[in-house]
Amino acid sequence: MMYAQPTEGEREIWNQISAVLQDSESILADLQAYKGAGPEIRDAIQNPNDIQLQEKAWNAVCPLVVRLKRFYEFSIRLEKALQSLLESLTCPPYTPTQHLEREQALAKEFAEILHFTLRFDELKMRNPAIQNDFSYYRRTISRNRINNMHLDIENEVNNEMANRMSLFYAEATPMLKTLSNATMHFVSENKTLPIENTTDCLSTMTSVCKVMLETPEYRSRFTSEETLMFCMRVMVGVIILYDHVHPVGAFCKTSKIDMKGCIKVLKEQAPDSVEGLLNALRFTTKHLNDESTSKQIRAMLQ
């Protein structure tokens with residue numbers, strides 16, 4: 001699965017997605033290195049009349065906002081990439097399982113998008129500075145509008161862009177939310193395509209990951225912690241998409257996803273490595289708290 005080469009038919013979409021995925025590592029490195037302008041902002045707020053401190057905070061925040069804009073714009077590219085992939089992996093006449101077998105290189109890219117998404121959101125969740133910096137930026141901009149100061153950065157992040165970024169960063173898991181919305185949008189746009197084509201593609205990917213994680217002979221082939229995390233993140237990401245798209249979600253008895261098995265696999269790992277993933281299931285799924293979710297599953301995620 002890991003070294004699948006694209007076939008001729010897949011090549012064009014594969015290249016398009018590759019170009020997006022190529023930037024994903026630098027986005028993650030950038031986010032990981034994001035320190036925020038907490039001290040500068042604090043000094044500026046505590047000493048509102050000290051112009052130098054105001055300037056210092058502003059100069060610290062501006063480059064960070066440009067970086068946050070880059071992350072946000074990447075989410076839009078990722079959304080388009082996911083929609084192209086879903087088109088390829090669900091179109092008739094093949095079943096979702098046949099698609100995943102025939103187009104392993106695309107399935108692998110889908111997995112990489114989910115892996116990136118969960119890593120991005122885990123880092124973002126641990127970094128309260130992001131929202132803090134951004135709200136300081138917006139307050140300062142609106143204050144300066146009153147004073148008619150025109151700021152260069154507004155060419156880069158104007159009011160409309162700031163509003164969209166604000167909604168994006170207000171989400172606990174912004175990239176996952178972007179992908180869920182993209183998947184739902186894909187299903188609603190393609191009314192002639194049976195919804196099962198999409199949900200079966202997702203549930204099949206989930207069971208592939210689950211089998212790899214719970215079968216000792218496959219597990220022993222995982223050469224590194226990173227491969228293990230890759231597989232777990234993909235599994236969780238696909239469950240969340242399924243739960244958003246499927247009319248009754250991933251947790252009910254009729255779901256094609258073995259939720260108990262998936263949660264059990266996660267619970268068997270070192271707690272600190274899976275806490276973020278369990279939180280994603282707790283907080284970014286749609287149907288966990290439905291009546292139809294068994295008490296047992298809810299208890300497993302307590």
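The values are calculated or read from the model by the stated rules, or taken from the named source; none is laboratory data. As the structure is a prediction and not an experimental result, all values here were calculated from the model. All Cβ positions, even for glycine, are placed from backbone atoms using ideal geometry, and neighbour counts span all protein chains on display. The protein model used for the area step is the full one, side chains on, heavy atoms only, and it has no ligands, DNA or RNA in it. Shrake-Rupley method; radii C 1.70, N 1.55, O 1.52, S 1.80 Å.
Would you mind stating whether Glu25 is free of Cβ contacts under 8 Å to residues at least 24 places away in the same chain, more than 22 Å from Val238 (Cα to Cα), part of a helix (DSSP H, G or I) and not small (Gly, Ala, Ser)?
Answer is no for this residue.
Does Pro96 qualify as being closer than 26 Å to Leu281 by Cα, in contact with a Cys (Cβ under 7 Å, 6 or more places away or on another chain), open to solvent by less than 60 Å² (accessible area, probe 1.4 Å) and in contact (Cβ under 8 Å) with a residue 12 or more places away in the chain?
Yes: the conditions hold for Pro96.
Do we have Leu68 as open to solvent by less than 10 Å² (accessible area, probe 1.4 Å) and either without any contact (Cβ under 8 Å) to a residue 40 or more places away in the chain or in contact with an Asp or Glu (Cβ under 9 Å, 6 or more places away or on another chain) (or both) here?
yes
Looking only at the range 149-188, filter to residues that are open to solvent by 20 Å² or more (accessible area, probe 1.4 Å) and among the polar types (S, T, N, Q); which one of those is farthest from Cys62 (Cα to Cα)?
Here the residue is Ser188.
Within the set of pairs 6+ apart or on separate chains, which have a first residue in the range 232-258 that is closer than 21 Å to Thr97 by Cβ, a second that is open to solvent by 30 Å² or more (accessible area, probe 1.4 Å) and small (Gly, Ala, Ser), and C-beta atoms under 8 Å apart?
So the pair list comes out as Ile257/Ser207; Asp258/Ser207.
Condition test on Met205, is it within 19 Å of Gln104 (Cα to Cα) and in contact with a Cys (Cβ under 7 Å, 6 or more places away or on another chain)?
No, not satisfied.
Contact list please: Cβ distance under 8 Å, first residue in the range 213-227 and without any contact (Cβ under 8 Å) to a residue 24 or more places away in the chain and open to solvent by less than 90 Å² (accessible area, probe 1.4 Å), second residue part of a helix (DSSP H, G or I) and of a type outside the set (A, V, I, L, M), pairs at least six apart or on different chains.
Phe222/Cys231
Kindly provide the set of residues from the range 7-65 that are exposed (fewer than 15 other Cβ atoms within 10 Å of the Cβ) and hydrophobic (A, V, I, L, M, F, W, C), ordered by number.
Those that are exposed (fewer than 15 other Cβ atoms within 10 Å of the Cβ) and hydrophobic (A, V, I, L, M, F, W, C): Ala19, Ala29, Ala33, Ile45, Ile51.
Is it the case, given these coordinates, that Gly249 is on the phi > 0 side of the Ramachandran plot and surrounded by 14 or more Cβ atoms within 10 Å (Cβ to Cβ)?
Taking the combined requirement at face value, the residue satisfies it.
Go through the range 259-268 and give me each residue that's more than 22 Å from the chain's Cα centre (by Cα) and open to solvent by 20 Å² or more (accessible area, probe 1.4 Å).
Within the range 259-268, Lys260, Lys264, Glu268 qualify.
Please find, within the range 59-107, the residue that is farthest from Arg11 (Cα to Cα) out of those that are of a type in the set (D, E, K, R), assigned to a helix (DSSP H, G or I) and over 20 Å from the mean Cα position of the chain (by Cα).
Filtering the range 59-107 for residues that are of a type in the set (D, E, K, R), assigned to a helix (DSSP H, G or I) and over 20 Å from the mean Cα position of the chain (by Cα), the one farthest from Arg11 (Cα to Cα) comes out as Glu101.
What residue, of Ser188, Ser180, is outside the structural domain of Ala57 (by the TED database), of a type outside the set (D, E, K, R) and in contact (Cβ under 8 Å) with a residue 60 or more places away in the chain?
Ser180
Checking the conditions here, which among Val248, Val211, Val187 is farther than 19 Å from Ala280 by Cβ and either touching a Gly at 6+ places or on another chain (Cβ under 6 Å) or part of a loop (DSSP other than H, G, I, E, B) (or both)?
Val248
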